[in-house]
Amino acid sequence: VQLQASGGGLVQAGGSLRLSCAASGSIFSIDGMGWYRQAPGKPRELVASNTNYADSVKGRFTISRDNDKNTVYLQMNSLKPEDTAVYYCSAIIRSRRYWGKGTQVTVSS
């Protein structure tokens, strides 16, 4: 199973980005997909999964999923400098968690 994330980049504060993560390989069914992030010097934290959102992103980020494409998206609006981090997608498949390589999101002030 491979998770390929894309869509990161550099954006000014207040801007938007949309992350995508496609799962491929020996997939029968995906139990759950989500997004995590890790800023320098900080632990990895949950951003969004199913209908759960970190308090810091509620009202600004939206997670969605295309089951036919085995793809999860993260629409990020009203970005803030504190959203700067490496964003990782994660999938739970047959009770095992898989991680993508991560995509950098940098928000300038």
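Summary table below
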{"quantity": "The stretch 39-61, residues that are surrounded by fewer than 18 Cβ atoms within 10 Å (Cβ to Cβ), in contact with a Lys or Arg (Cβ under 8 Å, 6 or more places away or on another chain) and in contact (Cβ under 8 Å) with a residue 40 or more places away in the chain", "calculated": "Arg44"}
{"quantity": "Single condition Gly34 does not satisfy, out of (1) without any contact (Cβ under 8 Å) to a residue 24 or more places away in the chain; (2) open to solvent by less than 50 Å² (accessible area, probe 1.4 Å); (3) under 11 Å from the mean Cα position of the chain (by Cα)", "calculated": "(1)"}
{"quantity": "Residue selected from the stretch 65-95 under the condition acidic (Asp, Glu) and either modelled with pLDDT of 95 or more or within 13 Å of Met33 (Cα to Cα) (or both), by the criterion most open to solvent (accessible area, probe 1.4 Å)", "calculated": "Glu82"}
{"quantity": "Considering residues of the stretch 49-59 that are in contact with a strand residue (DSSP E or B) (Cβ under 7 Å, 6 or more places away or on another chain) and in a loop (DSSP other than H, G, I, E, B) only, the residue modelled with the highest pLDDT", "calculated": "Ala54"}
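The values are calculated or read from the model by the stated rules, or taken from the named source; none is laboratory data. Computed from a predicted model, the values in this text were never measured in an experiment. For neighbour counting, all protein chains shown are included, and Cβ atoms are generated from backbone atoms with ideal geometry for every residue, glycine included. Side chains are part of the model used for accessible areas, which takes the heavy atoms of the whole protein and leaves out ligands, DNA and RNA. Shrake-Rupley method; radii C 1.70, N 1.55, O 1.52, S 1.80 Å.
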